[in-house]
Amino acid sequence: MYTSHEDIGYDFEDDPKDKKTLKPHPNIDSGWAWMVVLSSFFVHILIMGSQMALGVLNVEWLEEFHQSRGLTAWVSSLSMGITLIVGPFIGLFINTCGCRRTAIIGGLVNSLGWVLSAYAANVHYLFITFGVTAGFGSGMAYLPAVVMVGRYFQKRRALAQGLSTTGTGFGTFLMTVLLKYLCAEYGWRNAMFIQGAVSLNLCVCGALMRPLSPGKDRNDAGGKDPQVVLAPSPGSKSSGPPGGAEENCAGPGNKEQPGGDLPAQAGPEKAERTQNLCALRVLKTASQLTVRVRRGFRDWYSGYFGTASLFTNRMFVAFIFWALFAYSSFVIPFIHLPEIVNLYHLSEQNDVFPLTSIIAIVHIFAKVILGIVADLPCISVWNVFLMANFTLVLSIFILPLMHTYAGLAVICALIGFSSGYFSLMPVVTEDLVGIEHLANAYGIIICANGISALLGPPFAGWIYDITEKYDFSFYICGLLYMVGILFLLIQPCIQMIEQSRKKYMDGAHV
């Protein structure tokens, strides 16, 4: 309902009768689209995979700084939360600078945060360097990776998003092993320094996010910059365009004046023309940048607060309410499972095959499977999405009841499979608001997820500090998660009732 032909990848081409015909873009669902999927895949490995492996560093920070579990968990929560919370503001960057530049800058900022965190003297220092700096950089690289996949795919959206987001599972498995090895061999400080260097690969991923080429009409009519004709400087006899100033001066049509004064005058005139040309280029660049920023801010502002505001879509508002409680139920196990394993004296078995790795491996296959199933014409994406959510809630309620490695492994496998619905979130969001508003809308959704990720792990840590067990934190988070799902289910029913009432009232008036 909000889609435009430009955003979904269609170009306009002139036909012999000067009419506009619609043709599919050659890179939609094929060609460079799969390079964009590959780029997004590695972004998920480097960002979401690293964040899901922070439980390894959380144990190191507890031993190093001797702070409470609730306070120490804020470091991981800030990083995860800010990565997602800044989504609406990253939407402004995307509207202004584009996905490619935003992702490259994000890679640099994220790497800087990891490197600065290696010199942390206390937990509060990590709040700024790792939580805020690295988290903000992660957000700048993460949202463009999701949005670009949505722009390059139309028929196989769920599969493409599923393949790209499997990087989270691969990354969780790989980064958990890598961080454990680096911490054991070099200490956690050097491990973070090395991870900062690895994070620079986000810049490479951003460079692969090539924007879709505009249509031919745009290139012909307004794609080229108009030629700037400089006014002749005082004493100049040439009135041609600046690009041909030198040629005109030295061309065969120009005859040297008697006395040899022309070579002496050509030097100052040429320097003055060059200065004028440089000044005009600077002014032109500044003007284009100003127009781009104003246009990006206008699009960003109208998407949130204008007449076509996303918040006028009641189903989308219900989706935001669900997102506020959903993500914490997935994040808490990743952050606190290493500590739970120690409390249950299962460290030896967990060292052989970590429970977080079980979640990660199953998570990989789940995203692809759910993506393929959701793309089937006879199956609704929403039904797959809701069934996965119900399964995840059930797993969260059962997890505290398991005290053996085998039981925890089964529940972790269920959590990994059901959490595969994350690959469907961009598809569901696009169905609600259209591809034109995907960047702003998905920014709001991941912002709500970020609030959930920000508050969930510290809440679980505080509950443990009070009760000396994690059981109540899982029960409370699962209950809130269930409320969010029910709110998501009730909203369509309310809309159906209102539509039926409206039809009845219209029939009564007739």
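Side notes on the structure shown:
- Accessible surface comparison of Trp462, Trp382, probe 1.4 Å, protein chains only, largest first: the order is Trp462, Trp382.
- Cβ-based net charge around Ala103, under 14 Å, with every Lys or Arg adding one and every Asp or Glu removing one: +4
- Gained length - Glu63 relative to Ile494, 0.36 nm times residue gap less alpha-carbon distance: 150.0 nm
- Computed E for Cys278/Ala197 - FRET, C-beta separation, R0 51 angstrom, nearest 0.05: 0.85
- The mean sequence distance of close C-alpha pairs (under 8 Å, at least 6 residues apart), as a share of the length of segment 307-509, puts its relative contact order at 38 percent.
- Residues of segment 307-509: accessible area per residue with a 1.4 Å probe, Å²: 42
- Among Lys284, Lys270, Lys155, the sequence by solvent-accessible area, most first, with a 1.4 Å probe is Lys155, Lys270, Lys284.
The values are calculated or read from the model by the stated rules, or taken from the named source; none is laboratory data. Predicted model only: the values in this text are computed from it and were never measured. Glycine also receives a Cβ, built like all others from the backbone with ideal geometry; neighbour counts cover every protein chain displayed. Accessible surface areas use protein heavy atoms only, side chains included; no ligands, DNA or RNA. Shrake-Rupley method; radii C 1.70, N 1.55, O 1.52, S 1.80 Å.
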